[in-house]
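Colleague: A single structure is presented below for examination.
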Amino acid sequence: MGNQVEKLTHLNYKEVPTADPTGMDRDEGPRIGVSYIFSNDDDELEQQQDSVHDLGGENPALQPYDPQLHEVECSVYYRDECIYQKSGGHLSTYTPENLLNRCKPGDLVEFVCQAQYPHWVVYVGDFQVVHLHRLEVVNSFLTDASQGRRGRIANQLYRYKPLSPAAVVRNALEQVGCKDRDLSWRNSECFAAWCRYGKREFKIGGELRIGKQPYRLQIRLGDKRSHTLEFQSLEDLIMEKRRNDQIGKAAVIQELSSHLQTGNSTPLPLISLPLCHVRTQPFPQPSASRPDPTRC
């Protein structure tokens, strides 16, 4: 595997490779309009916490965190159905100790912190959670899994019909110990969402990437404006959404502003088989209807 790359990170368009070096999905090309290529983003969590940041050299988890300031509000659509929405009403966060008093078995919890990827866990009861952490599904105490970050119950973000709490807990516990190449999820969010909703779209390669892109990620820019990215799989969309959460709201707006100023009249560098299309338009109101839970 002479040209195999262990990890790919945030690249500019000129650096995007023409195929995935991991060998996954060999028939597809990179997507235009997205500067983040596949990696297991939760792998970077501890490395980020141990490094020195531009925040006075302190751990970001110890810094004051304002969700309204740092988090990107967005909606996800499958064709015309809104399947995910993060808006002002979903941004409140709590300390890990407070979350213990709020969580019920089967709940999803999202831990957030400035300059880090969100970390998702499944609460299984008795103060414990199951989560994908550093390429292994592990069982931890909620307070340990939080690593000092604030969090929220994330049950209302995805609009799929959930499985029963007992089924969610069973799905999570059955995967404990799964690691490395046996994993079917690229990050903690995909794993936790799969446990709760049981949909193969959250798994690696769960959807064929052919034809028109059915998924749209609409990023709220303010002033009733949005920026839209289109994807052929939910898995790819989640990776980009998480990258936005990691770099933060200000960086996303600056990145998109630069693209819109320089890219409206000229195309992006030519890359074969584009998988993503971008456009900017007024931000629509999401549909109240839920996706068909039987679609799989």
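Colleague: Taking into account only those residues within the range 149-170 that are touching a strand residue (DSSP E or B) at 6+ places or on another chain (Cβ under 8 Å) and not in a loop (DSSP other than H, G, I, E, B), which is farthest from E207 (Cα to Cα)?
Modeller: So the residue we want is R150.
Colleague: Turning to a different aspect of this structure: Within the set of pairs 6+ apart or on separate chains, which have a first residue in the range 151-163 that is within 15 Å of Q85 (Cβ to Cβ) and of a type in the set (G, A, S), a second that is assigned to a loop (DSSP other than H, G, I, E, B) and open to solvent by less than 50 Å² (accessible area, probe 1.4 Å), and C-beta atoms under 9 Å apart?
Modeller: Going by the 9 Å Cβ cut-off, the qualifying pairs are A154/D107; A154/P118.
Colleague: Any idea how many residues of the range 222-246 are open to solvent by 50 Å² or more (accessible area, probe 1.4 Å) and in contact (Cβ under 8 Å) with a residue 24 or more places away in the chain?
Modeller: Within the range 222-246, the first condition is being open to solvent by 50 Å² or more (accessible area, probe 1.4 Å), and the residues that meet it are 223-225.
Remaining after also requiring in contact (Cβ under 8 Å) with a residue 24 or more places away in the chain: 224-225.
Total meeting the criteria: 2.
Colleague: Working only within the range 114-143, note down all residues that are within 17 Å of the chain's Cα centre (by Cα) and farther than 23 Å from A167 by Cβ.
Modeller: Q114, A115, Q116, Y117, P118, R134, L135
Colleague: Somewhere in the range 130-148, is a residue among the hydrophobic types (A, V, I, L, M, F, W, C), surrounded by 15 or more Cβ atoms within 10 Å (Cβ to Cβ), touching a Pro at 6+ places or on another chain (Cβ under 9 Å) and assigned to a strand (DSSP E or B)? Give the derivation first.
Modeller: Taking the range 130-148 first, the residues among the hydrophobic types (A, V, I, L, M, F, W, C) are 130, 132, 135, 137-138, 141-142, 145.
Still in the list and also surrounded by 15 or more Cβ atoms within 10 Å (Cβ to Cβ): 130, 132, 137-138, 142, 145.
Now drop any that are not touching a Pro at 6+ places or on another chain (Cβ under 9 Å), which leaves 142, 145.
If we keep only those that are assigned to a strand (DSSP E or B) too, we end up with none.
Among the residues of the range 130-148, not one is among the hydrophobic types (A, V, I, L, M, F, W, C), surrounded by 15 or more Cβ atoms within 10 Å (Cβ to Cβ), touching a Pro at 6+ places or on another chain (Cβ under 9 Å) and assigned to a strand (DSSP E or B), which makes the answer no.
The values are calculated or read from the model by the stated rules, or taken from the named source; none is laboratory data. As the structure is a prediction and not an experimental result, all values here were calculated from the model. Ideal geometry is used to build each Cβ from the backbone, glycine not excepted, and the neighbour counts take in all protein chains shown. Note: accessible area is taken over every heavy atom of the protein model, side chains too, but ligands, DNA and RNA are not part of it. Shrake-Rupley method; radii C 1.70, N 1.55, O 1.52, S 1.80 Å.
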